[in-house]
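Student: Here it is, the structure, as structure tokens.
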Amino acid sequence: MLTSSAKAKARALQNRVARDLAKATGLTYGRPDADDCDVKGRQMGMIGPDIVRLTPEARERIPFFIECKARESWSFSHHLLTSKAQSPLVGWYEATVRAAKKEPRRDRDTPLLIVSQNRCPPLAVAEYGPLALVLRNVPGDVSYVRLKSAMGVLVIVDWRAFLACWYGRRP
């Protein structure tokens, strides 16, 4: 795959996640080059989380350090069948946690990884602990997977279902 195509997929996922968050929280969404919004995707090549929260209200309503990965080099079923140490999903989440610890607001932001493949809905990956209370209220039509890793128990859930559980409504 061409580098430009891979970057375009990553940018599209970042913008989708930022739009969905804005819709679920009632905040304003802006393109990566905008400054007059609450939430936007980060410009490619910049350091920091992939989803930028510009206002104090956005930082309060979205307590996550969000990284997005749009890759074809993994599959969810392959992840479940391989050892967790070799899974790119676990490696990506560990990298998200390391990056979140470098941020000044690390004491309040929960690391959240959004992964996507072509023609598949994005998935949210997070530690089970901070989400345990929310996941107790998951409607019957939403399923999620808990798995053990070196970092503890991770939860994998459909991105839009995650938004519905956390914010009480789907985007």
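The values are calculated or read from the model by the stated rules, or taken from the named source; none is laboratory data. On a predicted model such as this, the values are computed, not experimentally measured, just so you know. A quick note on method: Cβ atoms are made from the backbone with ideal geometry, for glycine too, and the neighbour counts reach across all protein chains shown. These area figures cover heavy atoms from the full protein model, side chains too; ligands, DNA and RNA do not enter into them. Shrake-Rupley method; radii C 1.70, N 1.55, O 1.52, S 1.80 Å.
Student: When you look at VAL39, is it in contact with a Cys (Cβ under 7 Å, 6 or more places away or on another chain) and modelled with pLDDT of 90 or more, yes or no?
Tutor: Details: in contact with a Cys (Cβ under 7 Å, 6 or more places away or on another chain): no; modelled with pLDDT of 90 or more: yes.
So VAL39 does not fit the description; no.
Student: Moving on. Taking the condition of being in contact (Cβ under 8 Å) with a residue 40 or more places away in the chain and surrounded by 14 or more Cβ atoms within 10 Å (Cβ to Cβ), how many residues in region 1-21 meet it?
Tutor: Looking only at region 1-21, we keep the residues that are in contact (Cβ under 8 Å) with a residue 40 or more places away in the chain, and these are 1, 6, 9-10, 12-14, 16-17, 19-21.
Add one more test, that the residue is surrounded by 14 or more Cβ atoms within 10 Å (Cβ to Cβ), and what stays is 9-10, 12-14, 16-17, 19-21.
Residues that pass the stated criteria total 10.
Student: Which of (1) over 23 Å from GLY168 (Cα atoms); (2) part of a loop (DSSP other than H, G, I, E, B); (3) at pLDDT below 80; (4) open to solvent by 60 Å² or more (accessible area, probe 1.4 Å) is the odd one out, the single condition SER77 does not satisfy?
Tutor: With (1) over 23 Å from GLY168 (Cα atoms); (2) part of a loop (DSSP other than H, G, I, E, B); (3) at pLDDT below 80; (4) open to solvent by 60 Å² or more (accessible area, probe 1.4 Å) applied to SER77, the lone miss is (2).
Student: Please count how many residues of region 29-70 are in contact with a strand residue (DSSP E or B) (Cβ under 7 Å, 6 or more places away or on another chain) and either basic (Lys, Arg) or surrounded by fewer than 17 Cβ atoms within 10 Å (Cβ to Cβ) (or both).
Tutor: So the count comes out to 10.
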